[in-house]
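Report on the structure given below.
The values are calculated or read from the model by the stated rules, or taken from the named source; none is laboratory data. These figures come from a predicted structure and were not determined experimentally. Cβ coordinates were reconstructed from backbone atoms using ideal geometry, including for glycine residues, and neighbour counts include every protein chain displayed. Protein only, heavy atoms only, side chains kept; ligands, DNA and RNA dropped before computing areas. Shrake-Rupley method; radii C 1.70, N 1.55, O 1.52, S 1.80 Å.
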Amino acid sequence: MAVIPIAQAAASARDLQHYMRPGTLQLAALPPLSLYVHLPWCLKKCPYCDFNSHEQPAALPEARYIDALLADVEAALPLVWGRQIHSIFIGGGTPSLFAPESIARLLSDLRARLKLAADCEITLEANPGTFERDRFKAFRAAGVTRLSVGVQSFNDAHLRALGRVHDGAQAVAAVEEAALAFETFNLDLMYALPGQTLAQLETDVTQAMALAPPHLSIYHLTIEPNTYFAKFPPAIPHEDLAYAMLDRITEMTAAHGMDRYEISAYAKPGHRCWHNVNYWQFGDYLGVGAGAHSKLSFAHRVVRQVRFRDPKLYMDNALAGHAIAQDEEVARNELAFEFMLNALRLRDGFALQDFTDRTGLPLSAIDRPLREAQAKGLVERDFARVKPTERGFDFLSDLQELFLGD
Ligand SMILES: C[S@@+](CC[C@H](N)C(=O)[O-])C[C@H]1O[C@@H](n2cnc3c(N)ncnc32)[C@H](O)[C@@H]1O
Ligand code: SF4
């Protein structure tokens with residue numbers, strides 16, 4: 001195990017003391033903790049993507065980047081001391097660009113530093129363009145338990161319009177291999193693609209269902225600021241057609257035994273993504289890697305951190321023991337809204353007890369907006385839980401905005 005430099009250990013201790021000081025919130029218990037690991041490179045940048053992802057350099061600095069990740073985790077250890085890790089999500093970017101041997105080293109070195117739960121879910125994101133037979137099996141052997149395959153569409157014309165590096169046949173081969181190598185996996189699709197008709201969307205979903213994924217994430221293509229598509233917007237389906245597409249997706253997946261348990265996520269029983277559910281239940285996560293975000297709870301505050309975004313800057317700073325570019329405490333009057341941004345995305349909503357446990361606020365803090373949401377037919381509640389109604393799910397941002405702080 002690497003030795004933490006004295007100056008770095010002192011800085012971590014100062015952070016901890018700062019985060020532990022008295023405050024106005026009272027968190028009775030800390031929520032479950034997950035680990036997010038960001039690997040920021042891709043074969044090619046997609047024109048719609050605003051993730052912190054970069055076209056890979058001629059030589060991928062895999063070893064140095066993993067050293068930086070481990071230094072980052074070591075510096076963060078005092079903030080999560082003694083807490084168990086329930087899930088790890090290796091996202092990107094395109095983590096499947098890294099060699100399985102690098103992922104194996106990453107996971108074994110993480111195990112040496114952190115207390116992983118015996119049933120820890122370990123997801124890795126893969127792009128079908130990086131697929132080679134045996135590679136997925138090697139990720140499984142490295143300790144990954146769940147693969148998330150970024151298919152987006154099976155239609156070659158749409159894949160070209162999205163600037164993807166793979167075609168439909170490669171996507172099918174990658175998903176078939178994921179099904180063989182992993183006991184559970186996810187397939188990512190997008191809808192409302194440039195020029196897409198309802199019939200073409202149905203063909204994509206039919207093809208996806210034929211591959212029997214235990215989990216499906218389907219995102220409405222959004223034109224994000226500062227992307228190529230924002231500068232040169234493609235013609236995308238009208239809002240009404242996009243709604244019709246979403247209705248068809250929900251019907252077709254339900255017919256295959258998949259439950260829409262979150263606004264964009266569908267799963268067969270027993271295959272919900274533990275990691276994402278923890279985010280949506282306002283659990284904690286330590287995020288390491290370029291541009292990664294963390295949300296960590298302490299007895300009297302909830303803290304957010306962001307790592308350096310540029311991969312080189314991140315590596316230089318993480319290796320020098322200070323990977324954090326920004327950190328701030330979530331303001332008391334923003335906590336209810338932040339909680340609702342996550343919890344109301346879940347079909348089952350949230351337990352009132354979880355609201356008080358995770359925010360440290362009394363229930364009276366949401367009494368007024370909750371009554372208003374109920375009066376508008378956006379939520380239903382009993383003495384223990386609050387659930388978005390069908391209408392609340394359809395008008396989710398209106399519902400969430402009711403909880404905006406003054
Ligand atoms: C960070 S990507 C990881 C997967 C991998 N990089 C890939 O693209 O194959 C996660 C998912 O976000 C979705 N996504 C990315 N940009 C999007 C956008 N502008 N609108 C909707 N979904 C988007 C895609 O479905 C993608 O698979
Ligand atoms: S492969 Fe994934 S992360 Fe990379 S640019 Fe494309 S959508 Fe973004």
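Sum -39500 (n - 2.57) across every DSSP H segment of at least 4 residues in the chain, then divide by the residue count to get the 222 nm mean residue ellipticity, nearest 500.
Counting only the DSSP helices, I get -11500 deg cm²/dmol.
Between L180 and T203, what length comes free when the chain is fully extended (0.36 nm per residue of separation minus the Cα-Cα distance, one decimal in nm)?
Net length gain for the segment: 5.9 nm.
Can you run phi through the Karplus equation (6.51, -1.76, 1.60; θ = phi - 60°) for segment 388-405 and list ³J(HN,Hα) in whole Hz, with x for Gly and Pro?
Calculated HN-Hα couplings, in order: x, 7, 3, 5, x, 5, 5, 10, 4, 5, 4, 5, 5, 5, 4, 9, 4, x Hz.
May I ask you to give the solvent-accessible area per residue for segment 1-115, in square angstrom, as obtained with a 1.4 angstrom probe?
Dividing the accessible area of segment 1-115 by its residue count gives 45 Å².
Quick one: accessible area per residue over segment 221-351, 1.4 Å probe, rounded to a whole number of Å²?
On the way: 5840 Å² over 131 residues.
The answer is 45 Å² per residue.
Straight-line reach from K295: which aspartates and glutamates fall under 18 Å, measuring Cα to Cα and dropping same-chain residues less than 8 apart?
Of all the aspartates and glutamates, those that pass the test against K295 - Cα under 18 Å, at least 8 places apart if same chain - are D15, D72, E74, D284, D327, E328, E329, E334, E338, D354, D357.
Once both labels are modelled 7 Å past Cα along the beta-carbon direction, what's the R347-R304 spacing in nm?
Result for the modelled spin labels: 2.9 nm.
Quick one: grab the alpha carbon gyration tensor of segment 251-338, order the square roots of its eigenvalues as a ≥ b ≥ c, and give me rounded if a/c is under 1.5, else prolate or oblate depending on whether a/b is larger than b/c.
oblate
Just report the Cα centroid separation between segment 86-142 and segment 31-78, whole Å.
Between the Cα centre of segment 86-142 and that of segment 31-78, the gap is 12 Å.
Tell me, what % of the accessible area of the chain is carbon and sulfur with a 1.4 angstrom probe?
55
For I122, what residues show an amide H to amide H distance below 5 Å, using hydrogens built from the backbone and excluding near sequence neighbours?
I88, T145, R146
Treating cross-link reach as a plain straight distance, find the lysines whose alpha-carbon is under 23 Å from the alpha-carbon of K387, omitting any fewer than eight places away in the same chain.
K268, K376
For the residue pair K376 and A63, what label-to-label distance in nm results when each label sits 7 Å from Cα along the Cα-to-beta-carbon direction?
5.7
Suppose we flag GluC sites (Glu not before Pro) only when DSSP calls them loop and at most 16 other Cβ atoms lie within 10 Å. Which is the longest uninterrupted stretch of the chain?
Here the longest run is 184-406.
So which cysteines in the chain don't have a second cysteine's C-beta under 4.7 Å from them?
Cysteines of the chain left without a disulfide-compatible partner: C42, C120, C273.
Arrange the peptides 143-154, 12-23 so that the one whose residues have, on average, the most other Cβ atoms within 10 Å appears first.
143-154, 12-23
For a label point 7 Å from the Cα of A384 along Cα→C-beta, name the residues of segment 252-277 whose backbone N is under 20 Å from it.
270
Pop out the ³J(HN,Hα) list for segment 314-319 in order, Karplus 6.51 cos²θ - 1.76 cosθ + 1.60 with θ = phi - 60°, rounded to Hz; leave Gly and Pro as x.
4, 4, 4, 6, 5, 5
Give, as ranges by residue number, the residues of segment 231-264 whose backbone N falls under 15 Å from the point 7 Å along Cα→Cβ of F51.
In segment 231-264, the label zone of F51 (backbone N under 15 Å from the point 7 Å along Cα→Cβ) covers no residue.
Of K312, K376, K387, K295, which has the most accessible area and how do the rest follow, probe 1.4 Å?
K312, K376, K387, K295
Let me know the shape class of the chain, please: from the alpha-carbon gyration tensor, a ≥ b ≥ c as square roots of the eigenvalues, rounded when a/c is under 1.5, otherwise prolate if a/b is greater than b/c, or oblate.
oblate
Going by amide H atoms built from the backbone, whose H comes under 5 Å of the H on Y219, apart from near neighbours?
Long-range HN contacts for Y219: L189, M190, Y191.
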